[in-house]
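Before I ask anything, let me first share the structure, which is written out below as structure tokens.
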Amino acid sequence: MSEHVYQAIWAQDDHRFSVSARQDDGSWANPGADILLDEQVKARGSRQIDLATNPLFHHVDFKKLEQNPLYSAFIRLLDNYAVHFRDPELVSPAEAAEIENFLDLVLASRPMQIAYDHISNTLVPDLPQDQFRRDLELIWFKVYTNYYRGKSTHFCTGFEHVFVGEGKYAKNANGAAEKGKISGYHSWVKFALDELGGRVDYLGYKYDLGGPGPDNPHVVTLQMLWNHMDMHGNLVAELFKKKGGFFVGCSPACEMALATLAYYEGHLGLLTNQKKRVKLGDGVYDLVMYHATTQDGGLGKHIRSFFPVYLGEGGVDGGGSGDIVVKPRPVRLQNNGELRIRAALPNPPGEDQGAEWVEIWNASGSDIALQGFELRDKMSRPQPIADTTLKAGQTLKVAVTRQTAEHMQVSNRRGLISLHDEAGDMRAAVSYGRASEKQILVFAEPGSAEAD
């Protein structure tokens with residue numbers, strides 16, 4: 001199974017940096033680690049609100065970074081690209097030589113050797129190593145045009161999008177700084193260097209997990225600002241990413257090996273919804289692989305994006321299926337606030353899709369806007385709630401649509417239902433055991449103010 005190959009790539013990363021997070025008492029689990037990661041607080045969802053008063057990277061052994069040939073070759077590539085996503089990308093002879101040198105080091109790394117062995121033995125039998133090198137250069141570094149939903153974006157490269165990031169913003173003729181969005185930018189090395197240089201601002205973590213924060217220092221899901229400066233140090237654009245992330249400590253060669261394997265598997269139809277679920281170390285991830293889109297809507301020959309979605313801890317299904325399953329993180333149940341989960345129908349007669357429902361009660365004395373709110377199940381899969389205002393004392397019945405496999409599913413037994421606001425904060429949560437067919441589970445009882 002290819003899952004074992006992903007695990008081997010991760011485990012044999014010969015250029016990995018050690019990482020330590022803060023413990024509950026504020027001390028470091030491993031003070032001597034190469035990286036001390038300080039995730040601090042949950043982001044509030046706005047570019048104007050920064051609750052993370054300290055840098056994300058409290059410490060990085062930058063000397064070790066600079067002395068490692070792989071990392072130093074990687075860093076030399078970071079300034080070869082234009083930030084604005086529509087600006088032309090021209091590769092000079094010097095930049096081409098930097099790419100060749102970096103590819104030499106990546107191909108010599110143990111992670112890429114493991115990826116190549118599996119690809120050439122299983123996915124593309126007898127793939128010559130020189131052809132594999134040409135493939136790497138094509139899918140990561142060749143400039144291409146991406147066609148997505150009828151729109152074309154020129155001057156794209158996989159390396160730029162994944163490791164450097166692109167800025168989407170309007171160009172103002174009067175020279176005033178613009179506000180825009182970040183596309184890509186999934187590199188801890190790039191972020192650490194930008195943070196050191198004052199070019200990025202960490203706004204807090206942003207995990208879709210049941211518990212009250214992160215529990216794995218090898219990955220970050222975050223909100224961030226990227227201040228794009230011109231060569232004179234003037235602010236050109238303030239770029240915001242509402243939700244992004246990257247591995248931490250993982251070498252560029254390891255990340256490229258993981259992504260390259262997923263790229264080949266995607267072309268062979270071996271990914272599920274453009275994702276590969278894998279267990280790396282103690283964590284379970286969905287590795288998201290977006291291929292370039294051709295003009296006719298097919299899979300192109302380039303990588304468009306690659307990033308990890310951290311799901312929590314997990315293991316292999318003990319029932320013999322071999323599937324990787326996520327262990328839900330413990331949730332502190334609370335159902336006594338202004339908004340409460342009143343009732344649910346987990347086991348309707350007949351087909352579940354569209355027939356399950358959850359009812360929310362506004363137990364406060366004021367109207368509450370539900371813009372951006374969502375329900376989640378025990379696996380943190382969401383059910384968005386239509387933008388509405390729930391009047392004081394009223395209830396709202398929300399249909400669980402099961403729109404895709406990634407959306408909320410109300411289990412017939414041992415379930416959990418939580419309500420989250422626009423910032424992702426949990427406002428209410430309930431758990432339950434087995435639900436019989438047609439049984440309506442009641443978790444809270446409104447008074448006389450209840451409405452239909």
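The values are calculated or read from the model by the stated rules, or taken from the named source; none is laboratory data. On a predicted model such as this, the values are computed, not experimentally measured, just so you know. Note that we place each Cβ from the backbone using ideal geometry, even for glycine, and neighbour counts take in every protein chain shown.
So in segment 266-285, with the set limited to residues that are touching a Leu at 6+ places or on another chain (Cβ under 7 Å) and part of a strand (DSSP E or B), which one is farthest from I9 (Cα to Cα)?
K275
Restricting the first residue to segment 123-144 and requiring it to be at pLDDT below 95, which pairs with a second residue that is part of a helix (DSSP H, G or I) meet a Cβ separation below 8 Å and a spacing of at least six or different chains?
Qualifying pairs under 8 Å: D126/S120.
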